[in-house]
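So the structure is just underneath, and the comments pick up after that.
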């Protein structure tokens, strides 16, 4: 018996929730027919046929309920001598905004940090780029690097950012880490005399920051930083008083440092400890000798509190992929892939990490349960990393504070996307907050080759302000003259173009041939699921049309004659790219396109032509249905999933391979025969890939026919996949830049 799911094209592409909300879609595959049930064979006997079906790994729950007024989030909080006006703090993550210009902090850096304070955050931590990672030469006992050698100039160097943040009734903090960075310092070879000197220069640095006006110091005791490696027996081989054999010894360095800073800066000077809440080996799951448990870490925290620490900021610790420690939601990248290690295996959150993690919220609030355990054992304030986004999870975040599970939110990505998040929440404008998509472009160095700055998928200003693309910086300049603007296409590029053009003062009409806005983001949402919050992105950009006075006309296909009739001053064309087809069905082997997946019957063995982001998303989706998948890719291995951030690729690709997916790189498709798809592999050999279904999902190509028809008569721009197909981030950036030029 074969059970078929009735998925209409509209239901699959346009209404992703109808697909994604079905409990039957488990990672073991629910669209493959009726599996034999235990005990169903009349010839079986005994008790073995009573076994329950295997449980789903890391089952998910909805975490987006919104019934709160955020009252707990906007209560004041005491951290040491400080009284925060609310519970939203910008964490000390990097930004790529700081480039030394002599001894001057540049405008990009200053505007970037002021934006968080102006947007309503109560406390803003600056990043490591300006010297928190002290450059020191232990052998010569001297400071090095930009900041390490300039402690006497701290007030002069750092005063401008302090002034910018303070003028918005916001505190400013800095992060202080030991020498060597991640895994770059052999502490076992350091003498006790040198240890004391390291502590002294770190104390001197804290004093310098205080003189510059910084209000709070965070000690980096997490990850593979020095102050954490001392606490882990797998890293610390010392046998003296700084060994890792007892709680007193493994916390001694940090406890002594806390006391030294308090003595030098004042007993009331707040110190926050960034530390691990629990550890697990991601490179070899289960091999955890020398790793700290939740109880071990709570013991460490008690020692820090006794030494004078005022607050804790908790993270995970995994040795392989450092980014999991502050962005653990990456472990949930890909459809039905919850728990990815990045090494082809998956965590079971009910057991790994000592069962201390909340693995049911797609990476959101993953440390909430662990935080609650710390709170039971400590009197000081506690927060944690892990996508603590009050826009995405309003009730979850507000109630966690109201119920005493955590005291405040440490966030960066949601604030980078929309620095005004705190003010918008407080003013009842939740639906006007730009959503973080957890795409991790903000920690991605450009494209597949790893070059270029970090950026944001949704906020085009991030990392583009003060560049050749956006020399005006963070300010959106009003138009010199209001113009009539037509925007053709309601995908992300078109909606962003309409939003920016209207905000600048133009009269904008947005046309979309479908009945709803969203473009290919709707398709992407169907295959990706809810993890990247693409439904939120569509809702936000749709709402922005209303907020900014854009006239929206759906169900309207625009051609050149209509544009000539309307006689606009400027036209922005965002009609999307084109999909090529190279193959035809043959006998039992069917050939379909990506747009036909919803309305077609998919066989059990599938070959996907293409290995870009859309093809990879489709492969993960089909794997979750129990299909066997191969892929044919004309590019090289480094180009697989190239439109995604390097971090999403890092987690997703090993998962594909671990499920048996073969990607034929540098190969070309030839034809379809009775057995499957004929290709020529990278060695020049002809190979037939046996399959039931071939899905063509090649990289899109430009679609400029409308642009070419009207470009000579109007001020015209082609944005997004229409002009240069790549990804959502590029489409939004192109739309933003085009609207700034009108």
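Read-outs: derived from the displayed coordinates by stated rules, not from any lab. Given the structure is predicted, the values throughout are model-derived calculations rather than measurements. Methodologically, a virtual Cβ is constructed for each residue, glycine included, from the backbone with ideal geometry; neighbour enumeration extends over all protein chains shown.
Observations, loosely collected:
- Here the extension length gained between residue 103 and residue 556 equals 157.5 nm, from 0.36 nm per residue of separation less the Cα-Cα distance.
- Across the stretch 77-438, counting alpha-carbon atoms alone, Rg and Dmax equal 19.5, 57 Å.
- When peptides 635-644, 429-438, 520-529 are ranked by their average number of other Cβ atoms within 10 Å per residue, the highest-first order is 520-529, 429-438, 635-644.
- Dimensions of the stretch 460-611 from C-alpha coordinates, computed as largest minus smallest value along each principal axis and given longest first, are 62, 39, 28 Å.
- Full-stretch length increase - residue 56, residue 243 - with 0.36 nm per residue and alpha-carbon distance subtracted: 63.1 nm
- Length-normalised contact order of the stretch 197-326 in % [C-alpha pairs under 8 Å, at least 6 apart]: 28
- Once both labels are positioned 7 Å from their Cα atoms along Cα-to-Cβ, the gap between residue 348 and residue 475 label points is 5.9 nm.
- Modelled FRET efficiency - R0 30 Å, residue 186 with residue 293, Cβ distances, 0.05 increments: 0.70
- Of all DSSP beta bridges in the chain, antiparallel share, percent nearest 5: 25
- For the stretch 484-515, the residues whose backbone nitrogen is under 19 Å from a point 7 Å from the Cα of residue 567, taken along Cα to Cβ, are 484-487, 507-509.
- Rough spin-label spacing in nm, given labels placed 7 Å along Cα→Cβ, for residue 153 and residue 709: 6.1
- C-alpha long axis of helix 613-624 to longest principal axis of the chain, angle in °: 90
- Between the helical axis of 534-547 and the longest alpha-carbon principal axis of the chain there is an angle of about 90 degrees.
- Label-to-label distance, nm, for residues given as residue 468 and residue 211 (7 Å Cα→Cβ offset): 4.2
- Stretch gain in nm, segment residue 302-residue 267, where the contour uses 0.36 nm per residue and the Cα spacing is subtracted: 10.8 nm
- Only Cα pairs under 8 Å and 6+ residues apart enter the sum, and on that basis the relative contact order of the chain stands at 13 percent.
- Rounded to 10°, Cα long-axis angle of helix 368-377 versus longest principal axis of the chain: 20
- Each helix, a run of at least 4 DSSP H residues, gives -39500 (n - 2.57); summed and divided by the residues of the chain, these come to -8000 deg cm²/dmol at 222 nm.
- For the peptides 214-226, 336-348, the ranking by mean Cβ contacts within 10 Å, running from highest to lowest, is 214-226, 336-348.
- Once the Cβ-Cβ distance of residue 142 and residue 163 is raised to the sixth power relative to R0 = 41 Å, the FRET efficiency obtained is 0.85.
- If a spin label sat at a point 7 angstrom from the Cα of residue 662 along the line to its beta carbon, the backbone N atoms of the stretch 678-705 nearer than 11 Å would be those of 687-691.
- Highest average first, the peptides 413-423, 703-713 ordered by how many other beta carbon atoms sit within 10 Å of their residues are 413-423, 703-713.
- In whole percents, the pair-distance distribution calculated for the stretch 590-696 from its alpha-carbon pairs, binned every 10 Å from zero, is 15, 51, 31, 3.
- Efficiency of FRET between residue 71 and residue 377 - r from beta-carbon atoms, R0 41 angstrom, step 0.05: 0.90
- Approximate shape of the chain as ellipsoid semi-axes (Cα gyration tensor, √5λ), whole Å, largest first: 45, 35, 23
- The relative contact order of the stretch 399-507, computed from alpha carbon pairs under 8 Å that lie at least 6 residues apart in sequence, is 15 percent.
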